[in-house]
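The structure appears below as structure tokens.
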Amino acid sequence: MAVILAMAGSAIGLGNIWRFPYMLGEYGGFAFVLIYIVATLLVSLPVFVAEVVIGRRSRCNARDAFVRLAPGHSGFWRITGLLPVLIPTIIASYYSVIGGWSLEYLVKAFQGVFSSLSPEQSAGIFSGFISSTWTPIVMHLLFFALCAVVVALGVKSGIELFSKFTMPVLFVLVVFIAIYSICLPGAWGGVEYIFKPDLSRMTPRTFAYAMGQSFYSLSLGMGAIITYGSYVHKNENILASSTGTAISDLTFALLAALAIMPAVFAAGIEPGAGPGLIFQSIPFIFSKMSIDMPWISGVVAVMFFLTVVVAAMTSCISLIEVVTAYLVERYHISRGKAVAAVSLVCGSAGILCSLSFGPLAGFTIGGKSIFDLFDWVASNILLLLMSLITVVFVGFVMKKDDVRDEFTNSGSLSLNRKVFPAVYFLIKWVAPVAIAVIFLTNFIL
Ligand code: PHE
């Protein structure tokens, strides 16, 4: 059970609260949401199952899992197995920058900054913060250090403790904020933006980014779920835990969008404003709340950012854990040393990402800032590539009987036995074709 919580902890994080709302604002509104939901159910969920199967069957870290399960231990799996080490390193670097932003906003909430602000003032606070040099870097390093300490303490004691209590609190807060946000004057446009059928904003990019977001949000295509899968107990139900995680992750994302988008419209913020979207709109919500409900707005603001920070931590912890598990098992070094090495690399790369919102804003590669480049390469390219390799591996390299055996707990779960042919079909044919097509779309846009 604890591993399931850890998997949900990995999945639910800034991907839902920060990335999903701004992505849907930038890449198609309703069309994005629609493709996101379909992609999650038909492609990401099968990929999730495939990762848990690989992890639980191999019982080892994400890189060696492929080598261990591949008959003949071919060199190909050795090389591709390096992706689960490279991708989390890239993601953790910039993820931690946004984790740092959340931490800064938690501090601001404590100080009671979010009261009686106009939309312009909220935007001003945000742009002043991210364009400065030092504070975002310090916050990024602080956030990373917090996560690194939890990982260094060991998977069980650290991660479980964190996931158990904060998720339900965050859930209640997001529902509360969503209801409040929808009731703001001028907010209805935001609800329509998400749910009113309108495909006019759909472009090839909508497909590419929605699919990438779906993998990102479920922590797929980089070894986190393989690593956690290797800790999943043999009598745990893979179908139930995968579906449970996917549905709760989807629900969180939609609720976060419902909390953010109406406020974006009420405040007159541009929906395609990019990564700063929630940091501009949420303070506006709390400011309004401080007038309507002065007795609770401060507490809600603090609790909200506190739980967001914890949700972000459980996700970042899973990223660090993947690389740490690999370093420890492969090079027989201590956990502490492995975590120190990861921290050094990600901490430094994150500094560059952080600076790309300020002093290095003018430095772009192919039209993308360093931060955008990290995010794009990881989410739109590497996660898809690794997911493609994963489903091809389970569909074509592993023996079907082994996959069935793992999925049905040696045939003991009757529902799993019944749905296995459909799930296997999705893993073997639907997911690879869909991922390959979307992957190529990225290059012809
Ligand atoms: N899924 C996490 C989130 O939604 C982010 C993440 C991506 C974590 C990839 C691990 C791996 O915030």
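Things to note:
- Listed peptides 260-269, 317-326 by packing density, highest first (mean Cβ within 10 Å): 317-326, 260-269
- Between Ile37 and Ser118, the simple label model (points 7 Å from Cα in the Cβ direction) yields a spacing of 3.9 nm.
- Distance between modelled label sites at Ala240 and Ser132, nm, 7 Å Cα→Cβ extension: 5.0 nm
- Over region 203-265: Kirkwood hydrodynamic radius from C-alpha pairwise inverse distances, Å: 13.8 Å
- Non-local Lys pairs in the chain, i.e. 8 or more apart or on different chains, that have alpha carbons under 21 Å apart: 12
- C-alpha long axis of helix 204-217 to longest principal axis of the chain, angle in °: 80 degrees
- Rounded FRET efficiency, nearest 0.05, which uses the C-beta distance separating Val149 from Glu270 and R0 of 30 Å: 0.20
- Nearest-ten-degree value, helix 83-111 long axis tilted from longest Cα axis of the chain: 30 degrees
- Length available on full extension from Ile444 to Asp405: 0.36 nm per residue minus the Cα-Cα distance, which gives 10.0 nm.
- The three principal axes of the Cα atoms in region 312-368 give end-to-end lengths of 42, 23, 18 Å, sorted in falling order.
- Chain lengthening between Ala340 and His233 when straightened (0.36 nm per residue, less Cα-Cα): 35.6 nm
- Taken over the Cα atoms of the chain, the convex hull encloses 133 Å³ per residue.
- Ser414 paired with Lys164, simple spin-label distance in nm, labels 7 Å along Cα-to-beta-carbon: 3.4 nm
- If you look at the Cα atoms of region 233-272, you get an Rg and a Dmax of 16.5, 52 Å.
- Using the alpha carbons alone, the radius of gyration of region 13-77 stands to its Kirkwood radius in an Rg to Rh ratio of 1.18.
- Largest first and in whole Å, the equivalent-ellipsoid semi-axes of region 179-230 read 32, 18, 6, each the square root of five times a Cα gyration tensor eigenvalue.
- Over region 109-225, equivalent-ellipsoid semi-axes from the Cα gyration tensor in Å: 30, 25, 19
- A convex hull fitted around the alpha carbon atoms of region 1-158 yields 177 Å³ per residue.
- What the Cα convex hull of region 50-89 gives, in volume per residue, is 61 Å³.
- log10 of Debye I(q)/I(0), alpha-carbon scatterers only, for region 260-412 at 0.10, 0.21 Å⁻¹: -0.66, -1.33
- The length gained on full extension between Met293 and Val433, counted as 0.36 nm times the residue separation minus their Cα-Cα distance, comes to 45.3 nm.
- Cα-Cα P(r), region 259-321, percent of pairs per 5 Å interval: 4, 17, 20, 20, 18, 12, 6, 3, 0
- On Cα atoms only, tilt of 431-444 relative to the major axis of the chain in degrees: 50 degrees
- Projected-area average for region 375-445 over all orientations - Cα convex hull basis, square nanometres: 5.3 nm²
Coordinate-derived values only; no laboratory data. In this text the structure is predicted, and so the values were computed from the model without any measurement. Heads up, the Cβs are rebuilt from the backbone with ideal geometry, glycines too, and the neighbour counts pull from every protein chain shown.
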